[in-house]
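**Student:** This structure is in structure tokens; I'll ask about it shortly.
The values are calculated or read from the model by the stated rules, or taken from the named source; none is laboratory data. In this text, all values refer to a predicted model and were calculated from it rather than measured experimentally. Here the Cβ is made from the backbone with ideal geometry for all residues, glycine too, and neighbour counts use every protein chain on show. Protein only, heavy atoms only, side chains kept; ligands, DNA and RNA dropped before computing areas. Shrake-Rupley method; radii C 1.70, N 1.55, O 1.52, S 1.80 Å.
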Amino acid sequence: MKHKPILCGTALAVIMLLSISRLAFAANATNTSPNSANGDVEVRTDLAPGGKTANQPEFWQADEFESWMEQERAYYQQLADNGDKSFWYKNADEEYVCREWTQADVDALYATWKEQLALMRQGYQFTKAFEAADGGTLVGGFLPEE
């Protein structure tokens with residue numbers, strides 16, 4: 001599988017968002033008021049499974065996600081093995097810094113994906129990344145349907 005070069009900061013942000021199941025959306029929400037202290041997260045009931053919108057996000061199936069995470073693990077393992085300097089993170093001064101991938105980075109990503117897979121098997125639903133109108137990338141997680 002050939003990967004296009006991408007900004008690792010964006011890729012890591014998407015990966016981290018995938019692992020957060022309840023911040024972006026809530027399946028059982030009853031209103032659309034902001035649900036964070038600074039008002040930057042909007043609950044969208046029209047995007048929930050079975051919602052009203054015609055352009056529903058695409059959801060991962062557990063077996064599909066497991067296959068994807070194994071492919072991604074192999075890709076990131078290769079980056080770590082080659083000492084690829086494309087891992088972006090924020091340092092203590094809130095500046096983005098690039099460094100080499102390490103085995104610990106690969107292991108941490110894989111552990112996060114395994115946690116997400118376990119949640120999927122418990123009935124949680126996760127969207128695949130999709131592009132928002134402003135060009136940003138969104139992902140969401142939904143509680144199991146009752």
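**Student:** When only the heavy atoms of the protein chains count and the probe is 1.4 Å, how do Val97, Val106 rank by accessible area, highest first?
**Tutor:** Val97, Val106
**Student:** To the nearest 10 square angstrom, what accessible area does Trp88 show with a 1.4 Å probe?
**Tutor:** About 100 Å², rounded to the nearest 10.
**Student:** Can you tally the net charge around Glu64? Count Lys and Arg as +1, Asp and Glu as -1, for every other residue whose Cβ sits under 12 Å from the Cβ of Glu64.
**Tutor:** So the environment of Glu64 carries a net charge of -3.
**Student:** For the stretch 53-125, which GluC sites (Glu not before Pro) pass both filters: DSSP loop (anything but H, G, I, E, B) and at most 13 other C-beta atoms within 10 Å?
**Tutor:** For GluC sites (Glu not before Pro) across the stretch 53-125 that sit outside H, G, I, E and B with at most 13 neighbouring Cβ atoms in 10 Å, the list reads Glu58, Glu94, Glu95.
**Student:** Let me ask you something else. How would the stretch 82-146 be classified by its alpha-carbon gyration tensor: rounded, prolate or oblate, with rounded meaning a/c under 1.5 and the a/b versus b/c comparison settling the rest?
**Tutor:** oblate
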